[in-house]
Structures are given as C-alpha cells and as structure tokens.
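Reading through the structure tokens given below for one structure.
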Amino acid sequence: MKKLHDELQDLGRFSEPALLILISLADGPKHGYAMTQDIEVVSGQKLGPGTLYGAITRLEGRGWIEPLPSEDRRRPYRLTGAGQRVLKHRLDTMKAVAKIGAQRLADA
Amino acid sequence: MHSVRIARQLVRLYPRAWRARYEDEVLALVEQSGLAACDALDLVRGAAREWWLRPSPMFLESLFLTTVIWAVGSGVASWLGSHVVTPPVISFEAGQRSVLPPRLPSLLGLLGPVVLFLALLRATRGPFPKMFKRAVRPVGLAEFFVWFAAMTMGSIGMHWANLVSHLGTGLPASSWGIPGAVAWILTLNGVQFLLGARTQRPSNRSPEAAQ
C-alpha cells in the first residue's frame, strides 16, 4: 500500500490535480470539459487546460485512467482498476490524517 | 473561435508527440470553456513542463552523445595540440600557447561532465535505461566515430588557421580561436541533434507511455 501512496506523490506538482481528476472520474467517464466543471463544483478549483491535460497525460501514462472511443474531438476518460486502488488508498490516508487532526483539535 | 485560434497557437509550444495525442481535446475544451488570460498562461506553463519534466528520449540521447563526444574529443584534441602540433610549430611563441584553440576545447570540455551529470539527473526521472541502450546502439557508435574524427580534425584545423592568422596579421591568436570554437560547438550540437532526430523510432504510444 505504501508503494501506491508514493506513486501518487511522485506526480509532484500534478498530484493534486491528478487526485481531483481521479475523484471526478470515480462516478463515471467524463471528457475534459465535464471534468473541469465537476472539479470546480466539488473543490472550488478551476483547472486550466495546461494543468488538466498535464495531469491527464501522467495519469494515462501510469494506467490509472484510460481513454474511451472519442465521441467527436472530446475524448472521455474512465478510471481503471489500478486508478481505483490508488484513489481509494489516497482517500483512506486522507481520512486517517483528517481524523487525527480533528481529534487533536478536540483535545486542545 | 478567437479563443480556439489563440489556443491552437499556444498548443504549438508543446512537444510534437504530446500535440498529436492531446491537441484536439485541448481545443475542444477551450471551445466549450473559453480561454481566459490565466488559461493561456496555464497552457504556456504546461508546455514548459512537458519539455522539462519529460524531455524526449531523442533529446536526451542527443545530449548524451554530444556530451560524451565533446568531452572525449576535447581531451584528444588538447593532447594532439599540445604534443603533436604545438611544440614543433610555435615553440618560438610560448607566451601564446596558453590561449590557443587546443586549450580552449579542453577548458570547454570540462563542462562536458557537468552537462552529462545534469542530463543523467533528468534522465533518471525518465527513460534513462532505454535512452542509455539507444545511446550505445550501432548507429550511436557510428555517430561517435564520425564526430570524434570531425572534432579532432576541426581542432587541428582551427589551430592551424589561428597560427596562420597570427603570423599573417599579427592579431592575437585567441581572436580567431574563440568564435571558431563556439561555431564548432553549435554546429556539433545542431547536427548531432538532427542525427538523433533522424534515428528516433516513431512511436504510436502516448507521450507518457513512450517513456
């Protein structure tokens, strides 16, 4: 499990956009525009086209998302099994960290 | 449509393989969402990242070979200049020897290991093993010998041109050596890069997967 965590961290400056993309694709395939809309609703962040496709390039290269046959010029992507595992691990980690943080705040 | 036109120009900043894979999608996204100034800047930044974070194997290979050739060739050229060409010809002007071209490549050659180290540092985050294998493949070796010979001959030629210039015009010997050496470096790197480009195998994989 540690390895999966490190892999997502390895994306460096793309790790946060990549996480948002994985979360966006968790409920079904989306193309670039739908992802940016969804991510803006979920996180309040608007990913620029360079950041979005920079992260997509790396997620696709690692096999965490995959493209579906193109509808027109807009190519939808979906989460792969490996992507689901990475996302689940990251969310579990975040949940554990958030729980500890909340506990410490309550104790203070 | 104006946004798409601007985006199309900005996407040209990206590496070719990346464009082939993602250009249409980026333009479709811009068509729907528009292109604010910060989005345009984001595209420019993205292009810089694509070139820097994932330099193409072609570029790394070319840089690797050029650096090795430059470092080795400089050493040999320096040795030839010091031991074969210089003493019998210009021993009468020992004061000029320290600035003659054979010394210059040897000094610049010291930069070789630095460039090589930086290239390898970058490569270890990417396709170093594959790049290294390609660098020592037969075509790479052929390039090596061609450029090794060219550098050695070039160094000796520059030395003689410098000497003739010095004797004929009275100009300081180094005045011809420096621009000649710079032109030599640029030519070497340019042609080596083109050779690397020519020998690069086409890939249908995604840019990231191509690593």
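Among the residues making up region B:9-19, those that are closer than 15 Å to A:Thr57 by Cβ and either assigned to a helix (DSSP H, G or I) or in contact with a strand residue (DSSP E or B) (Cβ under 6 Å, 6 or more places away or on another chain) (or both) are B:Val11, B:Arg16, B:Ala17, B:Trp18, B:Arg19. Among residues of region A:72-82 being away from chain B (no Cβ under 14 Å) and touching a strand residue (DSSP E or B) at 6+ places or on another chain (Cβ under 7 Å), the one that is farthest from A:Glu16 (Cα to Cα) is A:Arg78.
Candidates A:Leu25, A:Leu52, A:Leu47, A:Leu59: the one that is farther than 17 Å from A:Met94 by Cα, surrounded by 20 or more Cβ atoms within 10 Å (Cβ to Cβ) and away from chain B (no Cβ under 11 Å) is A:Leu25.
Within region A:96-108, restricting attention to residues that are exposed (fewer than 10 other Cβ atoms within 10 Å of the Cβ) and charged (D, E, K, R), the residue that is farthest from A:Ala18 (Cα to Cα) is A:Asp107.
How many residues does region A:45-73 contain that are without any contact (Cβ under 8 Å) to a residue 12 or more places away in the chain and within 22 Å of A:Gln9 (Cα to Cα)?
5
Residues of region B:20-40 that are more than 9 Å from chain A (Cβ to nearest Cβ) and either assigned to a loop (DSSP other than H, G, I, E, B) or within 16 Å of A:Pro67 (Cα to Cα) (or both): B:Ala20, B:Glu23, B:Gly34.
Throughout, read-outs are computed from the coordinates displayed, never taken from laboratory work. As the structure is a prediction and not an experimental result, all values here were calculated from the model. Here Cβ is always computed from backbone atoms with ideal geometry, including for glycine, and neighbour counts include all displayed protein chains.
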